[in-house]
1. For region 194-210, state whether one or more residues are closer than 24 Å to residue 76 by Cβ and either at pLDDT 85 or above or in contact with a strand residue (DSSP E or B) (Cβ under 8 Å, 6 or more places away or on another chain) (or both).
2. Does region 72-80 contain at least one residue that is more than 22 Å from residue 215 (Cα to Cα) and in the same structural domain as residue 224 (by TED's automatic domain parsing)?
3. If a residue has to be surrounded by fewer than 22 Cβ atoms within 10 Å (Cβ to Cβ) and either part of a helix (DSSP H, G or I) or modelled with pLDDT of 90 or more (or both) to count, how many in region 92-109 make the cut?
4. Anything in region 141-166 that is free of Cβ contacts under 8 Å to residues at least 12 places away in the same chain and either buried (at least 19 other Cβ atoms within 10 Å of the Cβ) or under 23 Å from residue 107 (Cα atoms) (or both)? List them, or say none.
5. Picking from 136, 188, which residue would you name as being out of contact with any strand residue (DSSP E or B) (no Cβ under 8 Å at 6 or more places or on another chain) and at pLDDT 85 or above?
């Protein structure tokens, strides 16, 4: 067997080195490609998670937290004033029929949707309205979906006057110029896990100087006083 030519050996070694370099480059390219694809997939998954989280946060921000249930005939104006007060003092969305149902909407479906979405249902009740069928329907729907129900007693109606369905709930009385509206705000802030305000309405308003809130409380006082007067006259 003839001895190998040194040149042949050199060429052979060179070819082996080139082959190893090419093979190594191919493996490196494959690794980089998979790493890039994995990073892209992770980035896409991260973007999707962030988008989903933002959608949940947006839905939560837009979700009404309180539903005001009231008799359309007697309580429309006080419900509007209460809605403005609660949205201002709670910094949360509040649903009430006159202000929350756009023209042409399926109002029954919208009522059901908002009842299902909220945490608390505030029932405006006086001697003329507490047995209205629609109020009973909304109260029953709230009870069936395990919502917190707060009877808001206007005027001289007593808790004992109400059906057992209402009388087992902790009620808040709202006579003219009393702290009933402010007690309701405090109660809802507590239920929604917000920091409490001052002990009384006047202390709260003196401390913060909230002109809009003062107007809302004054509007509720005026509407409740008118309701109390009309209820007393009709008895």
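1. no
2. Checking region 72-80: at least one residue is more than 22 Å from residue 215 (Cα to Cα) and in the same structural domain as residue 224 (by TED's automatic domain parsing).
3. 9
4. Of everything in region 141-166, those that are free of Cβ contacts under 8 Å to residues at least 12 places away in the same chain and either buried (at least 19 other Cβ atoms within 10 Å of the Cβ) or under 23 Å from residue 107 (Cα atoms) (or both) turn out to be 144, 146.
5. 136
The values are calculated or read from the model by the stated rules, or taken from the named source; none is laboratory data. Worth saying up front: this structure is predicted, and the values here are computed from it rather than measured. Heads up, the Cβs are rebuilt from the backbone with ideal geometry, glycines too, and the neighbour counts pull from every protein chain shown.
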